Structure formats: C-alpha cells, structure tokens
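Every number in this text was worked out from the coordinates using simple rules, so none of it is lab data. Bear in mind the structure is a predicted one, so any value in this text is a computation, not a measurement. Cβ placement follows ideal geometry from the backbone for every residue including glycine, while neighbour counts extend to all protein chains displayed.
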Amino acid sequence: MWTPERLAGLLTDQGFRLRGAQVTRIEALTDGAFALALTFLVIVQQEIPKNFDDLMLAFRQTPVFAASFAILILFWAAHVRWSRRYGLEDGPAIVLSALLVFTMLVFVISLEDRLRRLLQLAEQRLGAEVADQC
C-alpha cells in the first residue's frame, strides 16, 4: 500500500513520483517485443544491393525506415514513462502492456508499407507540382 511516508521517499521526475524504479518482467517483455519489431523493420529490407542503382534505391527507402523507427521509439518511450510514473504490475496494467505489444507486432510491417506508400504519394504530388511550374 502506498503510505504518505513511502510516497515521500520516491524519486520524482517533472512533478511525477516514480513508483516503478526497477524494471519489471512485463517491462522486460515489452522492451524485447519492441526490439523484435525493430528487427522486423530491418528484415523487411531483405535484399542486399547488388549494384549502384540498387544501392540508390535502398537509400531512397531510408526515410520510410527512419519514420517507422521513430514511431516505434515514441510508443516505447511512452510505455517506459508510464511504467516509471505509475509502477503498476497488476492485471489491468499487464493486459494493457500485452495489448500494446500485440498491436505493435501485428502492425509493424503494415506501418512501413503505409509510410512507403505515403512517401510515394508525396513524391508523385511534388513531382506533378514541379512539372506544372516548368
């Protein structure tokens, strides 16, 4: 139980008492799942460039990888912050963490695909605007 004395002894971060200073098993599982999802992003790029043109094509996909990576890191950082601030290790917290992991692992591949399509659409529209101005 969180008594006033116990709460007073906790570290604080930006006005929040850090109730979860130690890594729990659910946090370790979540961290591992995020690492696996980041690995999936790399595996999706399976082909090693065989020539200069393939290498240039691979470099064009770097913004998609970077955006996918950034989105996953944002979710991971939010989970870490939530875990530290509230330190919950009860049933609902475990279910919420498991749902986050499940959702992230299911949608990691489609995330990159959606971002790739968005980049292609932006390139097409930008190319059309540049062509109209010429």
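Miscellaneous remarks
- Burial ordering of Asp31, Asp90, Asp13, fewest other beta-carbon atoms within 10 Å first: Asp90, Asp13, Asp31
- Against the chain, whose longest principal axis is taken from its Cα atoms, helix 91-133 shows a tilt of about 30°.
- Cα→Cβ-extended label distance, 7 Å offset, between Ala66 and Ile94, nm: 4.1 nm
- Of Ser83, Ser110, Ser97, the residue with the greatest mean-square motion in the GNM of the chain, using alpha carbon springs below 10 Å, is Ser110.
- The structure-derived value of Rg/Rh (Cα atoms, Kirkwood Rh) appears in the list [x] 1.17; [y] 1.09; [z] 1.00 under the label [x].
- Between 0 and 90°, nearest 10: helix 62-86 axis offset from the chain longest Cα axis: 10 degrees
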